[in-house]
Amino acid sequence: MADQDRFESIEEYILAHIDEEPELLRQMHREAHVKLLHPTMVSGHLQGRVLKMLVEMIRPRRVLEIGTYTGYAALCMAEGLADDAELHTIEIDDEMEDFIRSYFSRSPHGKQITLHMGDAHGIIPGFGDAYFDFVFLDANKREYGSLYEAALPKVKEGGFILADNTLWHGKILETPESNDWQTKGIIEFNGKLAVDNRVEKVILPLRDGLTLIRKK
Ligand SMILES: C[S@@+](CC[C@H](N)C(=O)[O-])C[C@H]1O[C@@H](n2cnc3c(N)ncnc32)[C@H](O)[C@@H]1O
């Protein structure tokens, strides 16, 4: 039992008792912390393993990620895909393109991923209706409402959308500053979803909050 003392937090304990983070993703995580301005935006070890497991459970033919950043979550979801399934991911920041492509090209799952550079608002309408079985919404928080509306028609009946950061560091419990558009965006999105009868939804208090949404 003394062995339990070596864990300083629940998070450390969890990470020691789940599947390991693959070496390529560990490298990416390190490089993101050295080179990028907002490395905490990367999904990370626990959420990455959850995303892979969800994809294995849902068995989607096509996955869409809105907000690629480094490509960490995309690679985790691609790990869970069947060999003939595909993942599309959209990133607006063209300075991330080389970073993302360098990791996709080094992964055995990279060939199942298509990277689309640009604003998701312009790219999503180009996909056919009911094209995706699973969408991971993880872009600008102030745009969650409009991106959700753009994505919903592209999801099959019975398909899922997973929205990240929906507890927004607990800030959803406070009245946001007038210029805090990110917090306002999340509060508005959560409120809209709560009364949206087109879908079923649950909030998982994992990491920064994940809302799992099922299209009826
Ligand atoms: C939280 S990060 C994504 C992290 C990534 N999904 C992961 O879990 O590893 C959000 C990303 O969304 C991108 N983004 C924001 N608004 C966007 C939009 N309208 N279209 C496409 N990408 C967008 C940002 O540039 C940023 O790289």
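The values are calculated or read from the model by the stated rules, or taken from the named source; none is laboratory data. Not measured: the values here are computed from a predicted model. FYI the Cβ positions are ideal-geometry reconstructions off the backbone, even for glycines, and counts take in every protein chain you see.
Listed values, structure above:
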item: Subset tally (residues that are touching a Lys or Arg at 6+ places or on another chain (Cβ under 7 Å) and either under 18 Å from HIS29 (Cβ atoms) or small (Gly, Ala, Ser) (or both)) for the stretch 65-124; result: 6
item: Pairs, first among the charged types (D, E, K, R) in the stretch 115-132, second more than 9 Å from the ligand (Cβ to nearest atom), C-beta under 8 Å, six or more apart; result: ASP129/PRO153; ASP129/LYS154
item: Residues that are over 24 Å from GLY80 (Cβ atoms) and within 12 Å of the ligand (Cβ to nearest atom), drawn from the stretch 146-163; result: SER146, ALA150
item: Some residue of the stretch 164-173 being more than 16 Å from the ligand (Cβ to nearest atom), buried (at least 16 other Cβ atoms within 10 Å of the Cβ), not β-branched (Val, Ile, Thr) and not in a helix (DSSP H, G or I); result: no
item: Qualifying residue in the stretch 120-134 (condition: part of a loop (DSSP other than H, G, I, E, B) and within 13 Å of the ligand (Cβ to nearest atom)); result: no
item: Residue match in the stretch 109-117 (condition: over 17 Å from MET77 (Cβ atoms), within 16 Å of the ligand (Cβ to nearest atom) and at pLDDT 95 or above); result: yes
item: Which listed residue is in a helix (DSSP H, G or I) and either within 23 Å of TYR72 (Cα to Cα) or in contact with an Asp or Glu (Cβ under 6 Å, 6 or more places away or on another chain) (or both), from ALA139, ALA151; result: ALA151
item: Close pairs from the stretch 86-99: first over 12 Å from PHE132 (Cβ atoms) and more than 10 Å from the ligand (Cβ to nearest atom), partner assigned to a strand (DSSP E or B) and at pLDDT 95 or above, Cβ under 6 Å, at least 6 apart; result: GLU97/MET117
item: Pick from the stretch 19-43, criterion near the ligand (Cβ under 10 Å from one of its atoms) and part of a loop (DSSP other than H, G, I, E, B), ranking: surrounded by the fewest Cβ atoms within 10 Å (Cβ to Cβ); result: HIS38
